[in-house]
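**Student:** If you scroll down you'll find the structure; I have some questions about it.
The values are calculated or read from the model by the stated rules, or taken from the named source; none is laboratory data. Predicted model only: the values in this text are computed from it and were never measured. Positions of Cβ are backbone-derived with ideal geometry, glycine not excepted, and every protein chain shown enters the neighbour counts. These accessible areas exclude ligands, DNA and RNA; they are computed on the full protein's heavy atoms, side chains included. Shrake-Rupley method; radii C 1.70, N 1.55, O 1.52, S 1.80 Å.
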Amino acid sequence: MEEPVAENRLLRILIADDSDSDRLILKTMLKRLGHEVFDAANGLEAVALFRDTAPDIVLLDALMPRMDGMEAARQIKTRAGQRMVPLIFLTSLSEADALARCLEAGGDDFLSKPYNRVIIEAKINAFNRMRLMHQALSDQRDMIGARNQQLLEEQEVAKRVFDNVAHPGCLDAANIRYHASPLSVFNGDVLFASPRPAGGMLVFIGDFTGHGLPAAIGAMPVAEIFYGMASKGFDGADILREINQKLKRILPTGMFCCGAMIEADFKLNQLQIWSGGLPDGWLIRSNGERLVLPSRHLPLGILPPDQFDAGMDTIGAMPGNRLLMMTDGVLESGNAAGEVFGEAGVIHALDSVHPGQHQFDAVIDAVHRFTGSQKDGDDVTLLSLEMVDEAGFSAVPDRAMPSALAGPTEWRCVYEIREQTLGDFSPLPLLLHICMEVPGLRRKSGEIYTLLAELYNNALEHGVLELPSEWKHTSDGFDRYYEERRRRLGRTEGHFIRFSLHHSMKPSGGRLRVTCEDSGPGFDFRNHPVLVSDKEPGAAARYAGRGLLLLKRLSESVTFHRQGNHVEIIYDWDFSGIASEQGATVQS
Amino acid sequence: MPIQTRRGEDSQTLIISIEGRFDFSTHQAFRDAYEHGDQGIRYYIVDLSETTYLDSSALGMLLLLRDYAGGDSARISIENCNNDVRRILSISNFEQLFAIR
């Protein structure tokens, strides 16, 4: 680094002494050493000259008329402010009290009269070194300050980008409560929630090693993957596999993400949970009973894709049941005595919930009471998700991003999956994705997904696998159904399911025609109660799945062909609906 | 010294002992403990009997050691953990990657 003030530079020295002869001697001596000298005959003159000449060092007689050295020293030091100007008293005083007063007034040292050239030169050099060091420190401090300011401004901008990517999704839904405290500009914790096209919600809570910029950089792709895939209808396990693979590839060894994926299905009253490295979660039943949900997996970003287990645990959860998840910042919250809140703190808070108090509030209050005024030592994130009736869960904001491109309007495509692929791949995200290319269909993603899913599941389970839906009417049969489903999925040789999608424009909107064919033997649709009668659920729903009813209600028409293994549905949308919905979005 | 290393009696084992807090501040010392070791080391023991605390960056450092020692074929055991340390290792399911005794 270039030194702004060279050590050998000539100094500007201010001297003040009321004795003309002393002043002349000193002045001559200093000039001979090569310095530039300004001289004053009293304190008042010295202060004025200091202001005009901004000297590097000041030599000040202690006793002077009009203003003595003590007062001049005080004024000069005040005027110098942050700048270090060594101030040396010239004195013939020798009693300790007087010398001490000189230092109290701001003096840095003394020179005693009569003057000794060698001592004066040595002291001036010594103080000049100190002055330079002080100057270098100040310069560096200013530079660090400026850099830091620049860094903070850059982080603020980056944070705006980050917040757009890693937005909270539908975390403001009525059944979710959360607390997230950022430790620095970026938080090492992430919390995302998204409605699923098929209904229900996906929630991801994560904690990256470290915080600040490195953690935020890891969080961005996680947010993109989560929101992108969730809106296309992928399930939690698929998204976890994708996140793990991505993090494994981009993060250096030693950096990873502890996290949990929660898939809430409000129709089936069940939760699917995957937890890797987060503290225990809790499911709290309406009667207060608690179920511990421990982490069973390694954090994300550690295992290579072929060793990663995305298997989620399924837990029945009725409306009113609450899931509580947290990052380790909650457990590591410390108090003034250096103790940590810990799992015991969480359990104690849950044990002492008041009647009518939300468990979420109980835990947050307990953490705050525990830590008092201590600052959070780590990012603290706490989430509570309540199971709700599907009906009560409609106010989910739709953040599906429309593409900047105008979509295709007239198209046809055929997609057929065959053989083993039937057993280990779901075509639904892909098919939904194709349909979502049509701008007019984007707002209908939930309905389209449901139609595609019902068609596919009927074709697979009843068509290809020939599973009788009556089994699902008893709980034993339910287990047997899914056991059998798993078994038969291993034997799909010679089978196929073929989707044909056809979209066309109409004067007032568009029409999506979907046919789904399968290689199964079909069924007797001519006598099927749901298809024969136009009546609402009641008696008919007992016989066959709700799937057919859904198809009938959501679409213009459902037609069965051949021996029942060829279904065609017609789905119409119109511009007016789209226009008013978009209008509503603009206002909100 | 918070981190000490010694050879086991079989001369093929490197024993790394960590005293006090095992966190980011020990990063360099921990890497030095195994990276500049002699050739011929085939087994690693991370002795945590004197470790009072372990955080997620320490978990990351253990993963670095695992990579250094051969990844899936690494032979590393983590020994003598106290209850708190043991709990953090088990929350993170590190028993799937290390022998924890």
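**Student:** May I ask you to give the solvent-accessible area per residue for chain A, in square angstrom, as obtained with a 1.4 angstrom probe?
**Tutor:** On the way: 28750 Å² over 588 residues.
I get 49 Å² per residue for this part.
**Student:** Obtain the nm distance between the two label points defined at A:ASP172 and A:MET220 by a simple spin-label model: each point lies 7 Å from its Cα along the Cα-to-C-beta direction.
**Tutor:** 2.5 nm
**Student:** Now for a separate question. If you average the C-alpha positions of the range A:411-439 and of the range B:66-101 separately, how far apart do those two centres end up, in angstrom?
**Tutor:** 43 Å
**Student:** Sticking with this structure for a sec: Could you check how many percent of all C-alpha pairs in the range A:1-93 are farther apart than 24 Å?
**Tutor:** On the way: 766 of 4278 pairs.
Of all Cα-Cα pairs in the range A:1-93, 18 percent lie more than 24 Å apart.
**Student:** Given the protein chains as shown and a 1.4 Å probe, how many square angstrom of A:PHE204 are accessible, to the nearest 10?
**Tutor:** 0 Å²
**Student:** If you take the charge dipole of chain A about its Cα centre, with +1 on Lys and Arg Cβ and -1 on Asp and Glu Cβ, which of A:SER445, A:PHE496, A:GLN357 is farthest toward its positive end?
**Tutor:** Of the candidates, A:PHE496 comes out farthest on the positive side.
**Student:** State which helices in chain A qualify, where a helix is a whole DSSP H run, it must extend 20 Å or more along its own axis by its Cα atoms, and its mean Kyte-Doolittle hydropathy must be at least -1.0. Write down the numbers at each step before the final one.
**Tutor:** Working: long enough: A:117-165 (71 Å, -0.51); A:213-231 (27 Å, 1.21); A:236-250 (21 Å, -0.55); A:475-489 (21 Å, -2.25).
Qualifying helices, which must be both long enough and hydrophobic enough, are A:117-165, A:213-231, A:236-250.
**Student:** Where nothing but the Cβ of Lys and Arg (+1) and of Asp and Glu (-1) is charged, how large is the charge dipole of chain A around its Cα centre, in debye to the nearest 20? Kindly include the intermediate steps, with their values, before the conclusion.
**Tutor:** Details: 60 positive and 80 negative charges, 205 e Å.
Taking the Cα centre of chain A as origin, the dipole is about 980 debye.
**Student:** I've got another one for you. Probe radius 1.4 Å, ligands and nucleic acids left out: which of A:HIS502, A:HIS297 has the largest accessible area, and how do the rest follow?
**Tutor:** Numbers: A:HIS502 50, A:HIS297 15 Å².
From most exposed to least exposed: A:HIS502, A:HIS297.
**Student:** A further question follows. Placing unit charges on C-beta atoms (Lys and Arg positive, Asp and Glu negative, everything else neutral), compute the dipole magnitude of the range A:73-209 about its Cα centre in debye, rounded to 20.
**Tutor:** Dipole size: approximately 520 debye.
**Student:** Given a 1.4 Å probe and every protein chain left where it sits, what share in percent of the accessible area of the range B:3-100 is carbon and sulfur?
**Tutor:** Of the solvent-accessible surface of the range B:3-100, carbon and sulfur hold 42 percent.
**Student:** List the residues of the range B:64-93 that lose 20 Å² or more of accessible area once all protein chains are present, compared with their chain alone (1.4 Å probe, heavy atoms only, no ligands or nucleic acids).
**Tutor:** Residues of the range B:64-93 that lose at least 20 Å² of accessible area once the other chains are added: B:LEU64, B:ASP67, B:ASP72, B:ARG87, B:ILE91, B:SER92, B:ASN93.
**Student:** Over all Cα pairs of the range B:1-89, how is the pair count split among 5 Å bins, expressed in % and running from 0 up to the last occupied bin?
**Tutor:** Once binned at 5 Å, the Cα pair distances of the range B:1-89 give 3, 14, 27, 28, 18, 7, 1.
**Student:** Arrange the residues A:ARG66, B:ARG75 by how much accessible surface each exposes, largest first, with a 1.4 angstrom probe.
**Tutor:** Sorted by accessible area, descending: A:ARG66, B:ARG75.
**Student:** How much of the accessible area of chain A, in percent, comes from carbon and sulfur atoms when a 1.4 Å probe is used?
**Tutor:** Roughly 53 percent, rounded to a whole number.
**Student:** Any idea how far apart A:ALA54 and A:SER286 come out in nm if each label point goes 7 Å out from Cα toward Cβ?
**Tutor:** Modelled inter-label distance: 7.8 nm.
**Student:** By how many nm would the segment from A:GLU419 to A:ASP389 grow when fully extended, if each residue of separation counts as 0.36 nm and the alpha-carbon distance is taken off?
**Tutor:** 7.0 nm
**Student:** What dipole magnitude, in Debye to the nearest 20, does the range A:12-138 give about its Cα centre under +1 on Lys/Arg Cβ and -1 on Asp/Glu Cβ?
**Tutor:** 500 debye
**Student:** Ratio to report: Rg/Rh of the protein assembly as shown, with Cα atoms as the point set and Rh obtained by the Kirkwood method; give two decimals. Write out the running numbers ahead of the final one.
**Tutor:** Details: Rg = 37.8 Å, Rh = 31.7 Å.
Looking at the protein assembly as shown, the ratio lands at 1.19.
**Student:** Another question about this same structure. Roughly how much of B:SER11 is accessible, in Å² to the nearest 10, using a 1.4 Å probe?
**Tutor:** Surface accessible to solvent at B:SER11 totals approximately 60 Å².
**Student:** Could you report the buried accessible area between B and A, both sides summed, computed with a 1.4 Å probe and given in Å² to the nearest 100?
**Tutor:** So the total buried area for this chain pair works out to about 1300 Å².
**Student:** To continue, here is another question. Just to be sure I understand the interface: list residues from the range A:230-256 that lose 20 Å² or more of accessible area between the chain on its own and the complete protein assembly, 1.4 Å probe.
**Tutor:** Buried on complex formation: A:THR253, A:GLY254, A:PHE256.
**Student:** Can you work out the accessible area per residue across the range B:3-100, with the rest of the protein chains kept in place, probe 1.4 Å, in square angstrom?
**Tutor:** 49 Å²
**Student:** One quarter of the convex hull surface, Cα atoms only: what value does that give for the range A:166-392 in nm²?
**Tutor:** Orientation-averaged projected area of the Cα hull: 12.0 nm².
**Student:** How high is the relative contact order of chain A, in percent, counting Cα pairs under 8 Å that sit 6 or more residues apart?
**Tutor:** Details: 1008 pairs, mean separation 50.2, N = 588.
Relative contact order of chain A: 9 percent.
**Student:** Which residues of the range A:269-302 show a drop of at least 50 Å² in accessible area when all protein chains are present, compared with their chain alone (probe radius 1.4 Å, heavy atoms only, ligands and nucleic acids excluded)?
**Tutor:** A:LEU298
**Student:** Now for a different question. Cα-Cα over 18 Å: which of A:LYS77/A:LYS113; A:LYS27/A:LYS123; A:LYS31/A:LYS77; A:LYS159/A:LYS232; A:LYS27/A:LYS113?
**Tutor:** Long pairs (Cα-Cα over 18 Å): A:LYS77/A:LYS113; A:LYS31/A:LYS77; A:LYS159/A:LYS232.
**Student:** Which one, A:ILE13, A:ILE250, A:HIS561, projects farthest toward the positive side of the charge dipole computed for chain A from Cβ point charges (K/R +1, D/E -1)?
**Tutor:** It is A:HIS561.
**Student:** Keeping all protein chains in position, work out how much accessible area A:LYS159 exposes to a 1.4 Å probe, and write it in Å² to the nearest 10.
**Tutor:** Result for A:LYS159: roughly 60 Å² accessible.
**Student:** Where does chain A land at 222 nm, in deg cm²/dmol rounded to the nearest 500, when only DSSP H runs of n ≥ 4 count, each adding -39500 (n - 2.57), divided by all residues? Mind showing how you got there, number by number?
**Tutor:** Numbers: 19 runs with 233 residues, N = 588.
The helix contribution divided over chain A gives -12500 deg cm²/dmol.
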